[in-house]
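The values are calculated or read from the model by the stated rules, or taken from the named source; none is laboratory data. What you see is a predicted model, and the numbers here were worked out from it, not measured in a lab. Reconstructed Cβ throughout: ideal geometry from the backbone, glycine too, with neighbour counts over all protein chains shown.
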């Protein structure tokens, strides 16, 4: 059958994989936020110990390939008795990786808030906790949106690595289909197009979000 | 009969829907300095960039001596190497030393050998008073010094004509003098110059011809004494009065 | 103790894998560099047609499609189109062109932050387009590009691990072989591989930092273009 017919034929199966891809992306970005924000705060406000631990984490994760991190989680942990399913390993692998990058983006956003504002907050009597909560964090969230959007899209793309540890996302589905009909190249053209579409849609959504939440004038 | 270096006829230029130049014609004789004055945004800078075709005019013709610049067959790079341009924001090549800035046109465009190019460059840098800064980089110099380097850069190419686009407008007040001095010396040495400027003192002292432009047309033109003392057009009077208040004219 | 022995004996293979990783990085970055400059010049100085029909679609495709998918496309495409190039070549094409799409953004940003005054000055002394780009624009753009390029270096080095997926015997695959051959402690072996990557990234960054210092133009930094849409940034 011709290319279009092939595409039509395999789309449902690929969509099953796409659902997993999207799930992985969403869960990973959330894990990334949960770990990333405290890490960023630790690097900006923490004492020497906290700073060192957080920096260590960020530098190691950012300095090593995502694939090795996934391999360590999926193939490595069993050596010490921890067996993770492909999806779980992928989830944590992508999530922790994203956390390190997000920590840097949040840190950048926090540090771009002018010192004068903090001084103003202190001078009306706020303590550090209150300043962080009412002055720093609200601005950080809005300033970080461009880098954060980039990160979300990168996650969507890098979720494809989960294929390498046998998670049933779209790449695995593609491979499965190709192993039966031997039309590997064409199948992956379709996979590529699906990614193109997903990325474009996500970008558009993020664009709209960005425009809504941008701090006027900045 | 003085030699006409530059002749412009009926220059029209549009940016989108905005007509910036509406039929400008003038000529400049050899060795003369023409100063173009007028309110901001009236196309004065555009006129200069039309002359060396950085922004080609939509209609009209321009001649450099006997060569028509606006003719499609003309080698524009050749013409440009005969016309010098000094920009408001200097536009020195930031990655090159002062000496290299002046030299590079000679090496790359005129293909002059290194030793001669260096000799010419050193000469021009000494002429503008920067012989001791040859190895400095643009970012290390003051605005006035940078502008003088850019004049040296234009001079090194031995141009027939130099165009100055508001050469002192981006300078701190105390640095304007050093640049105007260089320009005055240049004019006295016989260089043909077209200068767009607000510096009325300079215009009055040095210009052979003053052109007042407004809204894309030449409102009035004439020798400095005529323009400053008994201009015919009320608009000219009004503008000169305003600008002399702001920038200071020559003391009687 | 036995585990450490496994790594000790595996060192030659790991070394060979490291060399392959470095070679891949050089090829990926090299192809990316050459194509990236061409694309960037096309973006800034090229005609609208070239931009909208060739350059933008190319960039959009190579940046929106994941690296792994690109690898597969080139690897399986080689037999599909009867070109039959090796996995090594497929990897270089896929990742090199992908890097080109990212590097072109770096260079484009650098060229545009130089400002058009430089080009005007160069043209005004009679340089033609080629001379202006070669003597005035590119030297400055390349200097400005070093910091973001260091980032691209790190990304590409780490992404060489993906070549594993099409069978290239780089560092990670060598690690896999060791684990498979010796039933060795996978955690230890892969962590060791990660360490080697870390060192390579670190050394590379140090070299690039030195380069940046050496060629710094005082007072100049790339200005990030304001208000880009998401699709233009990824």
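Overview of results
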{"quantity": "Residues of region B:221-252 classified as out of contact with any helix residue (DSSP H, G or I) (no Cβ under 8 Å at 6 or more places or on another chain), under 20 Å from residue B:176 (Cβ atoms) and modelled with pLDDT under 80, total", "calculated": "3"}
{"quantity": "Identity of the residue in region A:61-75, free of Cβ contacts under 8 Å to residues at least 40 places away in the same chain and at the interface with chain C (Cβ under 7 Å from one of its Cβ atoms), that ends up surrounded by the fewest Cβ atoms within 10 Å (Cβ to Cβ)", "calculated": "A:63"}
{"quantity": "Sole exception among (1) surrounded by fewer than 21 Cβ atoms within 10 Å (Cβ to Cβ); (2) within 18 Å of residue C:158 (Cβ to Cβ); (3) within 14 Å of chain A (Cβ to nearest Cβ) for residue C:84, by number", "calculated": "(2)"}
{"quantity": "Of the criteria (1) assigned to a helix (DSSP H, G or I); (2) touching a helix residue (DSSP H, G or I) at 6+ places or on another chain (Cβ under 7 Å), which one residue A:113 fails", "calculated": "(1)"}
{"quantity": "Residue match in region B:61-71 (condition: within 25 Å of residue B:168 (Cα to Cα), under 18 Å from the mean Cα position of the chain (by Cα) and in contact (Cβ under 8 Å) with a residue 12 or more places away in the chain)", "calculated": "no"}
{"quantity": "Some residue of region A:76-93 being closer than 20 Å to residue A:152 by Cβ, in a helix (DSSP H, G or I), within 14 Å of chain C (Cβ to nearest Cβ) and in contact with a helix residue (DSSP H, G or I) (Cβ under 7 Å, 6 or more places away or on another chain)", "calculated": "yes"}
{"quantity": "Checking residue A:119 against (1) part of a helix (DSSP H, G or I); (2) free of Cβ contacts under 8 Å to residues at least 24 places away in the same chain; (3) within 14 Å of chain C (Cβ to nearest Cβ), the condition it does not meet", "calculated": "(3)"}
{"quantity": "Residue in region A:166-178 that is more than 24 Å from the chain's Cα centre (by Cα), more than 9 Å from every other protein chain (Cβ to nearest Cβ), surrounded by fewer than 18 Cβ atoms within 10 Å (Cβ to Cβ) and under 28 Å from residue A:69 (Cα atoms) present", "calculated": "yes"}
{"quantity": "Selected residue (criterion: nearest to residue C:217 (Cα to Cα)) from residues of region C:105-134 that are facing chain B (nearest Cβ under 7 Å) and crowded, with 20+ Cβ neighbours inside 10 Å", "calculated": "C:118"}
{"quantity": "Odd one out for residue A:126, checked against (1) over 17 Å from residue C:165 (Cβ atoms); (2) assigned to a helix (DSSP H, G or I)", "calculated": "(2)"}
{"quantity": "Filtered residue count, region B:134-161, keeping only those that are away from chain C (no Cβ under 12 Å), in a loop (DSSP other than H, G, I, E, B) and crowded, with 21+ Cβ neighbours inside 10 Å", "calculated": "0"}
{"quantity": "Criterion: within 14 Å of chain B (Cβ to nearest Cβ), touching a residue at least 60 places away in the same chain (Cβ under 8 Å), touching a helix residue (DSSP H, G or I) at 6+ places or on another chain (Cβ under 8 Å) and buried (at least 20 other Cβ atoms within 10 Å of the Cβ) - qualifying residue of C:172, C:144", "calculated": "C:144"}
{"quantity": "Yes/no for residue C:61 being within 17 Å of residue C:171 (Cβ to Cβ) and either assigned to a helix (DSSP H, G or I) or modelled with pLDDT of 90 or more (or both)", "calculated": "no"}
{"quantity": "Those helices (runs of 4 or more DSSP H) lying entirely in region B:6-118 with at least 2 residues out of contact with any helix residue (DSSP H, G or I) (no Cβ under 7 Å at 6 or more places or on another chain), more than 9 Å from chain C (Cβ to nearest Cβ) and surrounded by 18 or more Cβ atoms within 10 Å (Cβ to Cβ)", "calculated": "B:44-51"}
{"quantity": "Lone qualifier among A:52, A:64, A:39, A:25 - being out of contact with any helix residue (DSSP H, G or I) (no Cβ under 6 Å at 6 or more places or on another chain) and at pLDDT 95 or above", "calculated": "A:52"}
{"quantity": "Flag if residue C:94 is buried (at least 24 other Cβ atoms within 10 Å of the Cβ), more than 14 Å from chain B (Cβ to nearest Cβ) and part of a helix (DSSP H, G or I)", "calculated": "yes"}
{"quantity": "Some residue of region C:18-26 being out of contact with any strand residue (DSSP E or B) (no Cβ under 7 Å at 6 or more places or on another chain), outside any helix (DSSP H, G or I) and closer than 27 Å to residue C:192 by Cα", "calculated": "no"}
{"quantity": "Residue within region A:35-57 that is within 14 Å of chain C (Cβ to nearest Cβ) and in contact (Cβ under 8 Å) with a residue 24 or more places away in the chain present", "calculated": "yes"}
